[in-house]
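The values are calculated or read from the model by the stated rules, or taken from the named source; none is laboratory data. The structure displayed is predicted, hence computed values, not measured ones. In this analysis, Cβ positions are derived from the backbone assuming ideal geometry, glycine residues included, and neighbour counts consider all displayed protein chains. Side chains included, ligands, DNA and RNA excluded: accessible areas come from the protein's heavy atoms. Shrake-Rupley method; radii C 1.70, N 1.55, O 1.52, S 1.80 Å.
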Amino acid sequence: MPKSQTLINPLIKFISLFIISFNSLSDSPSTAMSAIANPSLPCPDSGPIRPSTPLIEFLERVQSTALATFGDRDFDPKLYMDMSLKFDLGKANWAFERLPRLGSGVVPVRVFEGFVKEYLNEAGSDLARHDPGDYVAVPEGFLSRVERAEVRGWALEVHSLWRNLSRRVAVEEPELHTLLRLPEPVMVPGSRFREVYYWDSYWVIRGLLASKMYDTAKSIVYNLIYLMDTYGIIPNGARAYYINRSQPPLLSGMVLDLYNRTGDLALVEKALPALLKEHNFWNSGIHKVVIADADGCKHSLNRYFAMWNEPRPETSTIDIESASKISNDSEKQHFYRELASAAESGWDFSSRWMRNQSDITTLATTSIIPVDLNAYILKMELDIVSLARATGKKRVVEQFLEASHQREDAIKAILWNDKMGQWLDYWLSGTNSCVEGHKWEACNQNQNAFVSNFIPIWIKSFRTGLA
């Protein structure tokens with residue numbers, strides 16, 4: 001994502017996204033990897049794939065046909081992936097295959113519009129408006145330290161938007177929808193983003209806590225737990241086409257913030273098993289990287305790595321166009337995985353992930369050990385310690401205290417740059433990026449300045465060390 005229509009976010013996220021955009025646009029190709037002597041080269045594509053579904057594949061074909069019919073001006077490929085079927089897939093596909101086409105193969109506009117009207121529901125029609133029961137126009141104690149009347153008035157206008165963004169998933173036949181079923185009400189970002197997104201939910205909950213809407217915030221957490229338990233991953237968003245990748249892991253922070261505000265131990269008990277599963281997801285298999293520091297001591301850190309190597313369905317036509325100058329099929333698959341992995345990071349897209357900042361086909365997200373991801377996982381480990389301690393789970397406390405100490409050491413050894421006084425992304429160099437074991441080299445720290453370099457300051461232990 002991130003999505004400009006997410007209406008309630010803390011100032012820090014706005015500033016972060018501004019800097020992300022600035023970095024993506026302002027750097028010149030000549031300085032893109034100036035600090036890295038031998039940036040990683042593409043590996044042959046490898047790694048697990050989460051299979052698509054017949055419905056997703058069908059809607060991708062509808063999307064491609066729509067582009068050919070209407071042209072690319074103001075074209076939104078996601079729109080077609082969010083439509084649901086009025087009839088079973090077999091009937092819709094039969095009708096689609098028999099649409100008359102011009103000599104160029106393009107379906108005429110009126111014919112295509114007629115097909116969509118007859119066989120597909122409008123995007124967003126599988127969400128029903130919901131009136132959050134804990135919403136009040138002026139919450140007691142709302143921003144009590146804000147003195148200026150005009151600022152408080154503006155804040156209350158923002159607060160009132162919760163009623164416009166609250167929905168319930170209305171999916172009775174899952175096979176007809178890409179929208180995933182969820183047991184509790186949701187808060188959607190708005191505009192073309194008609195579903196829950198993972199790391200957006202952290203910022204949404206921060207806003208809900210300020211609005212004293214604790215039950216609504218808990219519903220968001222319960223939905224994310226449900227996704228973790230159902231799919232073995234908290235997807236990028238609550239769509240079938242998103243379950244091949246996650247997003248920055250912030251569920252533990254949501255749970256801890258809610259517990260600190262409400263003291264709800266039942267929520268903690270419900271959340272802890274899901275948090276342990278999520279920690280395992282990020283710390284095993286393709287997301288785990290073992291690297292030896294300058295003294296030969298081995299450390300385990302993490303990277304983004306999507307379980308997908310095809311065009312992202314929600315932007316399939318765009319991804320295909322982006323890959324059009326790549327002739328080799330294996331290299332295309334690798335590029336598609338890098339696109340999806342950049343989307344898993346939440347920084348889609350930034351020059352931070354590119355070997356050449358002017359060429360998106362040089363994305364190398366899976367060959368980078370990112371500062372922010374490892375800081376988020378360290379925070380997850382420390383949050384789990386706090387939550388396990390609150391529920392008397394001593395063994396979990398001990399396990400995750402040790403894990404957090406090891407990660408803190410790893411972040412300092414691999415990502416910290418003493419001369420610059422900040423943490424830096426680490427690029428797995430050359431063909432060595434394809435193997436399991438890696439050796440740290442100072443020249444592979446990316447010395448370009450990104451706001452993500454300072455995310456560890458969010459973690460209390462690092463703030464203490466800097467004091």
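Numbers below:
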item: Any pair with Cβ under 7 angstrom, 6 or more apart, that starts in the stretch 36-58 at a residue that is more than 15 Å from SER330 (Cα to Cα) and ends at one that is open to solvent by 70 Å² or more (accessible area, probe 1.4 Å) and modelled with pLDDT of 90 or more; result: LEU55/GLU175
item: Single condition ARG110 does not satisfy, out of (1) free of Cβ contacts under 8 Å to residues at least 40 places away in the same chain; (2) in contact with a helix residue (DSSP H, G or I) (Cβ under 9 Å, 6 or more places away or on another chain); result: (2)
item: Only listed residue being surrounded by 15 or more Cβ atoms within 10 Å (Cβ to Cβ) and assigned to a helix (DSSP H, G or I), chosen from PHE115, PHE142; result: PHE115
item: Residue in the stretch 199-243 that is surrounded by the fewest Cβ atoms within 10 Å (Cβ to Cβ), counting only those that are charged (D, E, K, R) and more than 14 Å from TRP162 (Cα to Cα); result: ASP229
item: Per-region count, the stretch 386-415, residues of a type outside the set (Asp, Glu) and either in contact with a strand residue (DSSP E or B) (Cβ under 8 Å, 6 or more places away or on another chain) or crowded, with 21+ Cβ neighbours inside 10 Å (or both); result: 11
item: Condition broken by ASP134, with the remaining ones in (1) within 21 Å of TYR214 (Cα to Cα); (2) part of a helix (DSSP H, G or I); (3) open to solvent by less than 70 Å² (accessible area, probe 1.4 Å) satisfied; result: (2)
item: Hey, SER429 open to solvent by 10 Å² or more (accessible area, probe 1.4 Å) and modelled with pLDDT under 95 or not; result: yes
item: Qualifying residue in the stretch 174-193 (condition: touching a residue at least 24 places away in the same chain (Cβ under 8 Å), touching a helix residue (DSSP H, G or I) at 6+ places or on another chain (Cβ under 9 Å), at positive phi and open to solvent by 50 Å² or more (accessible area, probe 1.4 Å)); result: no
item: Unique match (being at pLDDT below 95 and closer than 28 Å to ALA274 by Cα) among GLU436, GLU402, GLU408; result: GLU436
item: Looking only at the stretch 56-65, and only at residues there that are open to solvent by less than 30 Å² (accessible area, probe 1.4 Å) and in contact with a Pro (Cβ under 8 Å, 6 or more places away or on another chain), the one that is farthest from PHE115 (Cα to Cα); result: ILE56
item: Pairs where the first residue, in the stretch 318-333, is under 26 Å from LYS78 (Cβ atoms) and without any contact (Cβ under 8 Å) to a residue 60 or more places away in the chain and the second is open to solvent by 100 Å² or more (accessible area, probe 1.4 Å) and of a type in the set (Asp, Glu), C-beta under 9 Å, 6+ apart; result: GLU321/ASP72; ALA323/GLU331
item: Tally of residues being in a loop (DSSP other than H, G, I, E, B) and more than 13 Å from the chain's Cα centre (by Cα) across the stretch 196-234; result: 4
item: Filter result for the condition that a residue is among the hydrophobic types (A, V, I, L, M, F, W, C) and surrounded by 22 or more Cβ atoms within 10 Å (Cβ to Cβ), over VAL196, VAL151, VAL158; result: VAL196
item: Residues being closer than 30 Å to PRO54 by Cβ and of a type in the set (Asp, Glu) - total across the stretch 139-190; result: 4
item: Condition broken by ILE369, with the remaining ones in (1) modelled with pLDDT of 95 or more; (2) farther than 26 Å from GLU278 by Cβ satisfied; result: (2)
item: Matching entry among ARG303, ARG261 (being open to solvent by 20 Å² or more (accessible area, probe 1.4 Å), touching a residue at least 12 places away in the same chain (Cβ under 8 Å), farther than 20 Å from GLY346 by Cβ and basic (Lys, Arg)); result: ARG261
item: Selection count where residues are buried (at least 19 other Cβ atoms within 10 Å of the Cβ), in contact (Cβ under 8 Å) with a residue 60 or more places away in the chain and over 25 Å from ALA342 (Cα atoms), scope the stretch 264-300; result: 3
item: Pairs where the first residue, in the stretch 349-369, is under 12 Å from PHE450 (Cβ atoms) and assigned to a strand (DSSP E or B) and the second is of a type in the set (Lys, Arg) and open to solvent by less than 20 Å² (accessible area, probe 1.4 Å), C-beta under 9 Å, 6+ apart; result: ILE368/ARG352
